[in-house]
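S.K.: Structure in C-alpha coordinates, see below.
The values are calculated or read from the model by the stated rules, or taken from the named source; none is laboratory data. All values derive from a computational prediction rather than experimental measurement. Note that each Cβ is placed from the backbone with ideal geometry, even for glycine, and that neighbours are counted across all protein chains shown.
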Amino acid sequence: MKLIKLFIVATFVALFALACGNSDSTNQTATTNTATQPSPSASPKPTASATPVDELADAKKSYAQVCASCHGDNGDGGPVKIEGKLLKVPSLKEGHALKHSDEEFAKQITKGGGGMPPFKDKLTPEQINNIVKYLRRDIQGNVAPKAGG
(Lines give C-alpha, C1' and ligand atoms only; values in the text may rest on other atoms or scores of the structure.)
Protein backbone atom coordinates (compact mmCIF):
# COMPACT_ATOMS: atom_id res chain seq x y z
CA MET A 1 0.00 0.00 0.00
CA LYS A 2 2.84 2.40 0.85
CA LEU A 3 4.50 1.58 -2.46
CA ILE A 4 1.34 2.55 -4.37
CA LYS A 5 1.08 5.87 -2.49
CA LEU A 6 4.75 6.56 -3.17
CA PHE A 7 4.24 5.79 -6.88
CA ILE A 8 1.22 8.13 -7.05
CA VAL A 9 3.08 10.96 -5.32
CA ALA A 10 6.14 10.48 -7.53
CA THR A 11 3.95 10.47 -10.65
CA PHE A 12 2.17 13.62 -9.53
CA VAL A 13 5.46 15.40 -8.82
CA ALA A 14 6.88 14.34 -12.19
CA LEU A 15 3.75 15.52 -14.03
CA PHE A 16 3.77 18.80 -12.14
CA ALA A 17 7.44 19.39 -12.94
CA LEU A 18 6.82 18.50 -16.57
CA ALA A 19 3.84 20.86 -16.75
CA CYS A 20 5.84 23.70 -15.20
CA GLY A 21 8.71 23.07 -17.58
CA ASN A 22 6.39 23.15 -20.60
CA SER A 23 4.64 26.26 -19.34
CA ASP A 24 7.93 28.15 -19.07
CA SER A 25 9.08 27.20 -22.56
CA THR A 26 5.64 28.06 -23.96
CA ASN A 27 5.81 31.46 -22.27
CA GLN A 28 9.29 32.09 -23.67
CA THR A 29 8.16 31.16 -27.17
CA ALA A 30 5.03 33.29 -26.91
CA THR A 31 7.02 36.24 -25.61
CA THR A 32 9.70 35.87 -28.27
CA ASN A 33 7.29 35.41 -31.17
CA THR A 34 4.71 38.04 -30.27
CA ALA A 35 6.22 41.16 -28.82
CA THR A 36 2.87 42.98 -28.66
CA GLN A 37 1.20 40.46 -26.35
CA PRO A 38 2.05 40.43 -22.64
CA SER A 39 3.23 37.13 -21.28
CA PRO A 40 0.46 35.05 -19.71
CA SER A 41 2.35 34.91 -16.42
CA ALA A 42 2.37 38.72 -16.09
CA SER A 43 -1.38 39.27 -15.77
CA PRO A 44 -2.30 36.86 -12.94
CA LYS A 45 0.21 38.33 -10.47
CA PRO A 46 -1.65 41.57 -9.63
CA THR A 47 -5.05 39.92 -9.32
CA ALA A 48 -3.66 37.04 -7.27
CA SER A 49 -2.36 39.41 -4.59
CA ALA A 50 -5.44 41.53 -3.89
CA THR A 51 -4.95 42.02 -0.16
CA PRO A 52 -5.87 44.66 2.39
CA VAL A 53 -2.34 46.02 1.97
CA ASP A 54 -3.17 46.77 -1.68
CA GLU A 55 -6.39 48.51 -0.59
CA LEU A 56 -4.42 50.74 1.71
CA ALA A 57 -1.84 51.45 -0.98
CA ASP A 58 -4.68 52.81 -3.11
CA ALA A 59 -6.02 54.68 -0.09
CA LYS A 60 -2.59 56.24 0.45
CA LYS A 61 -2.68 57.50 -3.15
CA SER A 62 -6.22 58.85 -2.67
CA TYR A 63 -5.14 60.58 0.55
CA ALA A 64 -2.17 62.16 -1.26
CA GLN A 65 -4.40 63.38 -4.10
CA VAL A 66 -7.38 64.61 -2.08
CA CYS A 67 -6.45 65.13 1.57
CA ALA A 68 -2.76 65.98 1.82
CA SER A 69 -3.11 69.43 0.27
CA CYS A 70 -4.92 70.53 3.44
CA HIS A 71 -4.01 68.02 6.15
CA GLY A 72 -0.40 67.53 5.01
CA ASP A 73 1.43 64.39 3.95
CA ASN A 74 1.66 63.21 7.57
CA GLY A 75 -1.77 64.41 8.72
CA ASP A 76 -0.34 67.23 10.86
CA GLY A 77 -2.74 69.90 9.59
CA GLY A 78 -1.97 73.52 10.39
CA PRO A 79 -2.46 76.82 8.58
CA VAL A 80 -3.33 76.39 4.90
CA LYS A 81 -4.31 79.03 2.34
CA ILE A 82 -7.23 77.82 0.22
CA GLU A 83 -8.98 80.03 -2.33
CA GLY A 84 -7.43 83.12 -0.76
CA LYS A 85 -8.55 82.19 2.77
CA LEU A 86 -6.19 81.17 5.54
CA LEU A 87 -7.63 78.15 7.34
CA LYS A 88 -6.40 76.31 10.41
CA VAL A 89 -6.77 72.71 9.27
CA PRO A 90 -7.00 70.25 12.17
CA SER A 91 -4.44 67.54 12.74
CA LEU A 92 -5.54 63.98 12.03
CA LYS A 93 -3.16 62.74 14.75
CA GLU A 94 -4.74 64.37 17.80
CA GLY A 95 -7.85 66.00 19.19
CA HIS A 96 -11.25 65.31 17.67
CA ALA A 97 -9.77 63.11 14.92
CA LEU A 98 -8.93 60.53 17.57
CA LYS A 99 -12.41 60.73 19.10
CA HIS A 100 -14.37 59.97 15.91
CA SER A 101 -15.52 56.42 15.29
CA ASP A 102 -14.69 55.06 11.85
CA GLU A 103 -18.28 55.70 10.81
CA GLU A 104 -18.16 59.32 12.00
CA PHE A 105 -14.83 59.81 10.25
CA ALA A 106 -16.27 58.46 6.98
CA LYS A 107 -19.36 60.67 7.38
CA GLN A 108 -17.15 63.76 7.90
CA ILE A 109 -15.20 62.97 4.73
CA THR A 110 -18.38 62.24 2.78
CA LYS A 111 -20.51 65.20 3.86
CA GLY A 112 -17.86 67.68 4.99
CA GLY A 113 -18.62 70.28 7.64
CA GLY A 114 -16.71 72.53 10.01
CA GLY A 115 -14.90 74.14 7.09
CA MET A 116 -14.14 70.85 5.36
CA PRO A 117 -15.66 70.35 1.91
CA PRO A 118 -17.67 67.20 1.11
CA PHE A 119 -15.94 64.52 -0.93
CA LYS A 120 -18.98 62.37 -1.78
CA ASP A 121 -18.71 63.45 -5.44
CA LYS A 122 -14.94 62.88 -5.65
CA LEU A 123 -14.54 59.59 -3.78
CA THR A 124 -16.54 56.38 -3.68
CA PRO A 125 -17.79 55.05 -0.33
CA GLU A 126 -15.18 52.26 -0.64
CA GLN A 127 -12.39 54.80 -1.19
CA ILE A 128 -13.57 56.81 1.82
CA ASN A 129 -13.68 53.73 4.06
CA ASN A 130 -10.20 52.72 2.89
CA ILE A 131 -8.89 56.24 3.57
CA VAL A 132 -10.25 55.91 7.12
CA LYS A 133 -8.40 52.58 7.48
CA TYR A 134 -5.24 54.19 6.09
CA LEU A 135 -5.58 57.14 8.51
CA ARG A 136 -6.04 54.81 11.45
CA ARG A 137 -3.09 52.60 10.58
CA ASP A 138 -0.52 54.91 8.99
CA ILE A 139 -1.35 58.41 10.17
CA GLN A 140 -2.66 57.66 13.66
CA GLY A 141 -0.61 54.52 14.29
CA ASN A 142 -3.61 52.30 15.08
CA VAL A 143 -4.71 54.49 17.99
CA ALA A 144 -8.25 53.42 18.85
CA PRO A 145 -10.90 56.17 18.97
CA LYS A 146 -11.20 57.54 22.48
CA ALA A 147 -14.50 57.28 24.30
CA GLY A 148 -16.70 60.33 24.66
CA GLY A 149 -16.33 61.60 21.08
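S.K.: Are any residues in the range 111-130 exposed (fewer than 15 other Cβ atoms within 10 Å of the Cβ) and not in a loop (DSSP other than H, G, I, E, B), and if so, which ones? Steps first, answer last, please.
M.R.: Going through the range 111-130, the residues exposed (fewer than 15 other Cβ atoms within 10 Å of the Cβ) turn out to be 111-115, 117-118, 120-122, 124-126.
Correct list: LYS111, GLY113, PRO125, GLU126.
S.K.: Taking the condition within 20 Å of the chain's Cα centre (by Cα) and at pLDDT below 95, does ALA59 pass? Outline the logic, then answer.
M.R.: Numbers: within 20 Å of the chain's Cα centre (by Cα): yes; at pLDDT below 95: yes.
For ALA59, the condition - within 20 Å of the chain's Cα centre (by Cα) and at pLDDT below 95 - is met.
S.K.: Filtering the range 73-110 down to residues that are buried (at least 17 other Cβ atoms within 10 Å of the Cβ) and in a loop (DSSP other than H, G, I, E, B), which residue is modelled with the lowest pLDDT?
M.R.: So the residue we want is HIS100.
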